[in-house]
1. Give 76, 7, 65 a once-over and let me know the one that is more than 18 Å from residue 103 (Cα to Cα) and without any contact (Cβ under 8 Å) to a residue 12 or more places away in the chain.
2. Any residue at all in region 36-46 that's surrounded by 13 or more Cβ atoms within 10 Å (Cβ to Cβ), of a type in the set (Val, Ile, Thr), on the phi < 0 side of the Ramachandran plot and in a helix (DSSP H, G or I)?
3. Is it the case that residue 133 is outside any loop (DSSP other than H, G, I, E, B), closer than 22 Å to residue 8 by Cβ and open to solvent by less than 40 Å² (accessible area, probe 1.4 Å)?
4. Does residue 14 meet the test of being open to solvent by 10 Å² or more (accessible area, probe 1.4 Å) and among the aliphatic types (A, V, I, L, M)?
5. Could we say that residue 51 is modelled with pLDDT of 95 or more, open to solvent by 60 Å² or more (accessible area, probe 1.4 Å) and among the aliphatic types (A, V, I, L, M) here?
6. Filtering region 139-197 down to residues that are open to solvent by 60 Å² or more (accessible area, probe 1.4 Å) and among the small types (Gly, Ala, Ser), which residue is farthest from residue 126 (Cα to Cα)?
7. So which residues in region 97-115 are in a helix (DSSP H, G or I) and more than 13 Å from residue 80 (Cα to Cα)?
8. In region 66-96, what residues are of a type in the set (A, V, I, L, M) and under 16 Å from the mean Cα position of the chain (by Cα)?
Amino acid sequence: MPGTFQGQAGEAAAQLSGDDGLLAAAAILREFADAAHADVAAQAAALGFAADRRNYRPLWRDTAGRLRWNLWTLPGGLHPYIHVNAAAAALGTDAKRAVRALDPLPTLAHLFEILDLTLDGWEFARVRPDTDAATLAHRLIATARDLRAAMSDEPPLPQPVREWMRRNNTINVYDPSSPAVVGGFNPGKEMREALLA
């Protein structure tokens, strides 16, 4: 499936091997998270709010639909379903090497930050959770699990993750090219199973 987002992500992930590839993967996550934060923070400031990149959920709630979800069009040309998915896949596949090659704490923070923004888009910004979006969310959770498991001392889970873990909502997942529901995704359940095991 080379023409699909998943196919393109798979091809890109294959290029991110070895220490240099893992460092590049971490840089992709950092650049994407930084660009996303800058976008949300600028929007928040224009509305008289501040953006806390450790937990965007209160901001999305408090602004009541006035924020735009721009993760597909951030400066830098990184696409969440291709580049971010590929970077997360490379880090998760070689997690033990990744935690030796780089400082895993900022990388883990960026994974959780992007996951937070992805789920906030579904809940607060009317972003339709299609199979590509669900694949990204699943990948981010799985890679966070793998990196934490490879660390000698797992850091505490961030507040947005703990909030989702207390929920048990199954979200409809849509076909990207039609209005058909093709499955369901329960972020809280998946996080509990992956991150509390």
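1. Just one listed residue meets the conditions, 7.
2. Yes, region 36-46 has at least one match.
3. For residue 133, the condition - outside any loop (DSSP other than H, G, I, E, B), closer than 22 Å to residue 8 by Cβ and open to solvent by less than 40 Å² (accessible area, probe 1.4 Å) - is met.
4. The answer is yes for residue 14.
5. It is false that residue 51 is modelled with pLDDT of 95 or more, open to solvent by 60 Å² or more (accessible area, probe 1.4 Å) and among the aliphatic types (A, V, I, L, M).
6. The qualifying residue farthest from residue 126 (Cα to Cα) is 152.
7. Keep residues of region 97-115 that are in a helix (DSSP H, G or I), which gives 97-101, 104-115.
Across region 97-115, the qualifying residues are 97, 98, 99, 100, 101, 104, 105, 106, 107, 108, 109, 112.
8. Scanning region 66-96 gives 71, 74, 78, 82, 84, 86, 87, 88, 89, 90, 91.
The values are calculated or read from the model by the stated rules, or taken from the named source; none is laboratory data. From a predicted model like this one, the values you see are computed outputs, not experimental measurements. Here the Cβ is made from the backbone with ideal geometry for all residues, glycine too, and neighbour counts use every protein chain on show. The accessibility values were calculated without ligands, DNA or RNA, using every heavy atom of the protein model including side chains. Shrake-Rupley method; radii C 1.70, N 1.55, O 1.52, S 1.80 Å.
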